[in-house]
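Here the structure comes first, spelled out in structure tokens, and everything after it is commentary.
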Amino acid sequence: MVQLVDVTNPSKDYSLELAVSYEDWSYSPTGDNQLFPAGTLANSCSDWLTISEPFFALAPGESKQLQLNIKVPDTLSANSQSVHTTMLFVTQMNPRANAQQEGANIRLAVRSGIKIYHRQSQTAKQDVEINNLVYHKKDSTDAFLELEYLVNSNTWTEGNIRIEYLNQETGKLTKTNDVSFYALPADKRKFYSLIPNDLAKGRYVATVMLMYGDQPDIKIGEIAFNHE
């Protein structure tokens, strides 16, 4: 399996000396990217990859197309992890001196990453389950909702989280902007959402909707609370 990677030097006056490397990655419980040495994680595919030119140079404005070869091991079975991934980095090896500021000599280098992703040839299944939903009243911090959910998919999953607040005394419905999420299989995630500043005091039911997949599928959680 071969994928093509295009690399361009946007500079008009500076040549780039570049190197290709790999690192493993995962999402943190709150959805942030985390990096690890290549081959560290159980779902790593860094050992499957070879690149046509691990070191190369680009003149100002020049582009180059690299061939990324992915060789899936023959020992990969149906019981193996459904998704394997790693990150390919292209790193500038000749940092450019920046203008001095207050006597400091700053050198800048560019590093760009691409997520490499392989999924076994099986029917894709996307499933997300809400495990817990808690209202935290205002103390030293602002009031917020804490959502816990589990990703039971066998593929990379993306979707949106939507929250609506219904005032049970006045019937007023307050909606928040959707927040995107991205997840790998078996991710256990937490999501924190501040209660809107303009939400009046009173008794509420908060409805949290996880929307994902092409349809999309929707999972709903609700919690009643007194907002003071």
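Across region 125-195, the volume of the C-alpha convex hull divided among the residues equals 102 Å³ per residue. Considering only Pro29, Ala78, Leu49, whose Cα is most displaced toward the positive end of the charge dipole of the chain, charges sitting on Cβ of Lys, Arg (+1) and Asp, Glu (-1)? So the residue we want is Pro29. All other residues whose Cβ lies under 15 angstrom from that of Gly159 are scored, Lys and Arg at +1 and Asp and Glu at -1, for a net of -3.
Between Asn94 and Lys172, what is the label-to-label distance in nm when each label sits 7 Å out along the Cα-to-Cβ direction? So the two model labels end up 6.3 nm from each other. Among Pro10, Leu133, Ile195, pick out the residue whose Cα is farthest towards the positive end of the charge dipole of the chain, where Lys and Arg carry +1 and Asp and Glu carry -1 on C-beta, about the Cα centre. About the Cα centre, the residue reaching furthest to the positive side is Ile195. Stretched out straight at 0.36 nm per residue, the stretch from Ser28 to Lys125 would grow longer than its current Cα-Cα span by 32.7 nm. Give me the Debye-computed log₁₀ of I(q)/I(0) at q = 0.11, 0.16, 0.21, 0.22 Å⁻¹ for region 80-190, equal point scatterers on Cα only, no solvent, two decimals. The calculated log intensity ratios at q = 0.11, 0.16, 0.21, 0.22 Å⁻¹ are -0.68, -0.90, -1.17, -1.23.
Plainly put, the chain has a radius of gyration that is 1.10 times its Kirkwood radius, both from alpha-carbon atoms, as the Rg/Rh ratio.
Computed from the Cα positions only, the extents of region 1-80 along the three principal axes stand at 51, 34, 16 Å, in decreasing order.
Based on Cα atoms of region 168-228, Rg over Rh with Rh as the Kirkwood radius reads 1.01.
Bear in mind these aren't lab numbers, they're just calculated from the coordinates by the rules spelled out. Not measured: the values here are computed from a predicted model. FYI the Cβ positions are ideal-geometry reconstructions off the backbone, even for glycines, and counts take in every protein chain you see.
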